[in-house]
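Enquirer: Below are the structure tokens for one structure; questions will follow.
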Amino acid sequence: MGLCAGSAITSLASRVPEDWRGWLTGRSACPACGARLGPADLVPLASWLALRGRCRHCGTRISPLYPLTEAAALLLPALAFLLLPAPQAWLASAIGWWLLALALVDLRTMLLPDALTLPLLLAGVLLAALGPRLSLPAPVAAADSLIGAAAGFAVFALIALLYRRLRGRDGLGLGDAKLLAAAGAWLGWQALPATVLTAAVAGLCLAVLAGAHRDPSREVPFGPALALAFWIELLVVLAEA
């Protein structure tokens, strides 16, 4: 399931937010020659290895992002089931795949689409409110979830506003604020400081890897670092629940 999820996530990240319909209804094709890909070309991880990372039809090199994403989507549930009981592990896996998709979209487009962040936020609030009644593994209480969502959005929205006032340009998008609001909805307001700190450290590492320390004008998305911190703290919260 992890490998299949990774394949779907890679396809989503390469098309949205520009082409939602193509991701939902279109057929997979080589981005270089446009040839339709058959079942033998679409086996997660194995096809890329068998074809030695090249298109069967035109020989163009296939981005290693595909097998890396599939491997990451496999690693997420492997860690979740290693650390958590089955119900919580399934939940952590699903949220991990969702966050992986958000991270890849942000890396490619510098955007965190509302179509992905807002349903994640709403799902966290609803699970906190209805989970106990439905015998579902709700990570936090309903009040903590609502306060966390509001606080998460407010903190990053305020930082974004102050940065724009001081520097005259955007430094943090409202997509990041909505993603932190989703983190607050799932983790509760108590986990927000640890989430932001972890995201800041991860973001600094990503910026160094991207070469931003050599080129201060280089833009580095914060979404991937925040998504990673969100998932790490989710494992902690679920383990303690």
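Enquirer: Would you mind stating whether Cys33 is modelled with pLDDT of 85 or more, in contact with a Cys (Cβ under 8 Å, 6 or more places away or on another chain), over 30 Å from Leu91 (Cβ atoms) and in a loop (DSSP other than H, G, I, E, B)? First the steps, then the outcome.
Expert: Working: modelled with pLDDT of 85 or more: no; in contact with a Cys (Cβ under 8 Å, 6 or more places away or on another chain): yes; over 30 Å from Leu91 (Cβ atoms): yes; in a loop (DSSP other than H, G, I, E, B): yes.
Here the answer is no, as Cys33 does not meet what is asked.
Enquirer: Right, another one. Which number in (1) in a helix (DSSP H, G or I); (2) closer than 16 Å to Ala241 by Cα; (3) touching a helix residue (DSSP H, G or I) at 6+ places or on another chain (Cβ under 6 Å) marks the one condition that Phe156 misses?
Expert: For Phe156, the failing item is (2).
Enquirer: Of all residues in region 96-142, which are under 21 Å from Leu84 (Cα atoms), without any contact (Cβ under 8 Å) to a residue 60 or more places away in the chain and open to solvent by 40 Å² or more (accessible area, probe 1.4 Å)?
Expert: Within region 96-142, Trp98, Pro132, Leu134, Ser135, Leu136, Ala141 qualify.
Enquirer: Here's another thing I want to ask about it. Take Phe230 and decide whether it is closer than 23 Å to Ala92 by Cα and open to solvent by less than 20 Å² (accessible area, probe 1.4 Å). Full working, then the answer.
Expert: Working: closer than 23 Å to Ala92 by Cα: yes; open to solvent by less than 20 Å² (accessible area, probe 1.4 Å): yes.
Answer is yes for this residue.
Enquirer: Look through Leu68, Leu82, Leu49 and report the one residue that is outside any loop (DSSP other than H, G, I, E, B), closer than 16 Å to Leu104 by Cα, open to solvent by 50 Å² or more (accessible area, probe 1.4 Å) and out of contact with any Phe, Trp or Tyr (no Cβ under 6 Å at 6 or more places or on another chain). Please lay out each step first, then the result.
Expert: On the way: Leu82 fails: closer than 16 Å to Leu104 by Cα; Leu49 fails: closer than 16 Å to Leu104 by Cα.
Every option except Leu68 fails the conditions.
Enquirer: Can you name the residue in region 164-189 that is open to solvent by 70 Å² or more (accessible area, probe 1.4 Å) and more than 17 Å from Leu126 (Cα to Cα) and, of all such residues, is modelled with the highest pLDDT?
Expert: Looking only at region 164-189, we keep the residues that are open to solvent by 70 Å² or more (accessible area, probe 1.4 Å), and these are 164-167, 169-170, 174, 189.
Filter again for more than 17 Å from Leu126 (Cα to Cα), leaving 164-167, 169-170, 174.
On the way: Arg164: 81, Arg165: 84, Leu166: 81, Arg167: 76, Arg169: 75, Asp170: 75, Leu174: 89.
In this case the residue turns out to be Leu174.
Enquirer: Among the residues of region 6-28 satisfying the criterion of being in contact (Cβ under 8 Å) with a residue 12 or more places away in the chain and among the small types (Gly, Ala, Ser), which is farthest from Asp114 (Cα to Cα)?
Expert: Checked region 6-28; the qualifying residue farthest from Asp114 (Cα to Cα) is Ser28.
Enquirer: Looking only at region 1-37, count every residue that is open to solvent by less than 20 Å² (accessible area, probe 1.4 Å), over 19 Å from the mean Cα position of the chain (by Cα) and not hydrophobic (A, V, I, L, M, F, W, C) and tell me the total.
Expert: Of the residues in that region, 1 qualify.
Enquirer: Looking only at region 96-116, decide whether some residue is polar (S, T, N, Q) and in contact with a helix residue (DSSP H, G or I) (Cβ under 8 Å, 6 or more places away or on another chain).
Expert: To start, the set of residues in region 96-116 that are polar (S, T, N, Q) comprises 109.
Imposing the further condition that a residue be in contact with a helix residue (DSSP H, G or I) (Cβ under 8 Å, 6 or more places away or on another chain) reduces the set to none.
No: region 96-116 contains no residue that is polar (S, T, N, Q) and in contact with a helix residue (DSSP H, G or I) (Cβ under 8 Å, 6 or more places away or on another chain).
Enquirer: Are any residues in region 1-30 part of a loop (DSSP other than H, G, I, E, B) and among the hydrophobic types (A, V, I, L, M, F, W, C), and if so, which ones? Steps first, please.
Expert: Within region 1-30, the first condition is being part of a loop (DSSP other than H, G, I, E, B), and the residues that meet it are 1, 16-19, 26-28, 30.
Answer for region 1-30, where residues must be part of a loop (DSSP other than H, G, I, E, B) and among the hydrophobic types (A, V, I, L, M, F, W, C): Met1, Val16, Cys30.
The values are calculated or read from the model by the stated rules, or taken from the named source; none is laboratory data. Every value quoted in this text rests on a predicted model; they were computed, and no experiment measured them. All Cβ positions, glycine included, derive from the backbone under ideal geometry; neighbour counts span all protein chains shown. Heavy atoms of the whole protein, side chains included, go into the accessibility calculation; ligands, DNA and RNA do not. Shrake-Rupley method; radii C 1.70, N 1.55, O 1.52, S 1.80 Å.
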